Amino acid sequence: MTKMLLHHVSYPVRDVEASAAFYEGLLDLTRLSRPPMAIPGVWLACDDRQVHLVFNESGTYRATTSPDMADVHFAFRTDDFEGMVERLKAAGFSNDLPENDRKRILIIREGLAGFPQLYLLDPDLNTIEVNAAPM
């Protein structure tokens, strides 16, 4: 059977630069060079994988402003889960915020997955997971 390996995930965004700043600043992703495509966007490196942010005002966007672990999302793995929690808190994110606050995070330190997980929203309400899954 052919071996498959995830190359990138792509999310629609309304403001390419604002979204890129979120991923670069909060999650330490690095901007990659991108061919001059007809549709604006940014490619970001996450180790040897990529996140592609593509401008699309009429893309599929969530209407709710709370992270939802059962909704479409992708996950970043970190070696320093508590450090990431502190980084998010320093940026104004918190699990104590009201459910409709865009900076509300859902933290699951001991769940059925067997490793800590948290969920947050990007500027376009895309759900992102950060976890400490074993390698």
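The values are calculated or read from the model by the stated rules, or taken from the named source; none is laboratory data. Small disclaimer: the values here were computed from a predicted structure and weren't measured. A quick note on method: Cβ atoms are made from the backbone with ideal geometry, for glycine too, and the neighbour counts reach across all protein chains shown. For the accessible areas, the whole protein counts, side chains as well, though only heavy atoms, and no ligand, DNA or RNA atoms are used. Shrake-Rupley method; radii C 1.70, N 1.55, O 1.52, S 1.80 Å.
Screening Ala38 against (1) assigned to a loop (DSSP other than H, G, I, E, B); (2) open to solvent by less than 50 Å² (accessible area, probe 1.4 Å); (3) of a type in the set (Gly, Ala, Ser) leaves a single unmet condition, (2).
Scanning segment 10-27 for residues that are exposed (fewer than 14 other Cβ atoms within 10 Å of the Cβ) and of a type in the set (D, E, K, R) turns up just one, Glu17.
Give me the residue from segment 36-48 that is modelled with pLDDT under 95 and of a type outside the set (A, V, I, L, M, F, W, C) and, out of that set, nearest to the chain's Cα centre (by Cα). Only one residue tops the list, namely Asp47. Going through (1) under 16 Å from the mean Cα position of the chain (by Cα); (2) surrounded by 11 or more Cβ atoms within 10 Å (Cβ to Cβ) one by one, Ala70 falls short only on (2).
Looking at segment 98-115, can you tell me whether even one residue there is among the aromatic types (Phe, Trp, Tyr), touching an Asp or Glu at 6+ places or on another chain (Cβ under 6 Å) and open to solvent by less than 80 Å² (accessible area, probe 1.4 Å)?
Step one: of segment 98-115, the residues among the aromatic types (Phe, Trp, Tyr) are 115.
Filter once more, so that each one left must be touching an Asp or Glu at 6+ places or on another chain (Cβ under 6 Å): none.
No, segment 98-115 has no match at all.
Here's the yes/no breakdown for (1) at pLDDT below 95; (2) out of contact with any Leu (no Cβ under 7 Å at 6 or more places or on another chain); (3) over 16 Å from Tyr11 (Cβ atoms); (4) not basic (Lys, Arg):
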site	(1), (2), (3), (4)
Arg34	no, yes, no, no
Val72	yes, yes, no, yes
Ala75	yes, yes, no, yes
Asp79	yes, yes, yes, yes
Glu110	yes, yes, yes, yes
Leu118	no, no, yes, yes
Pro123	yes, yes, no, yes
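The condition (being under 18 Å from Tyr23 (Cα atoms) and of a type in the set (A, V, I, L, M, F, W, C)) is satisfied by just one residue among Ala133, Ala90: Ala90. As a summary of the residue check, Gly83 satisfies the conditions (1) at pLDDT 95 or above; (2) surrounded by 11 or more Cβ atoms within 10 Å (Cβ to Cβ) except for the one numbered (2).
Conditions (1) farther than 18 Å from Asp124 by Cβ; (2) without any contact (Cβ under 8 Å) to a residue 40 or more places away in the chain; (3) not in a loop (DSSP other than H, G, I, E, B), marked per residue:
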{"position": "Trp43", "(1), (2), (3)": "no, yes, yes"}
{"position": "Gly59", "(1), (2), (3)": "no, no, no"}
{"position": "Phe74", "(1), (2), (3)": "no, no, yes"}
{"position": "Lys89", "(1), (2), (3)": "yes, yes, yes"}
{"position": "Asp96", "(1), (2), (3)": "yes, yes, no"}
{"position": "Arg102", "(1), (2), (3)": "no, yes, no"}
{"position": "Ile107", "(1), (2), (3)": "yes, yes, yes"}
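Checked against (1) farther than 19 Å from Pro12 by Cβ; (2) open to solvent by 30 Å² or more (accessible area, probe 1.4 Å), Glu57 passes all but a single condition, namely (1).
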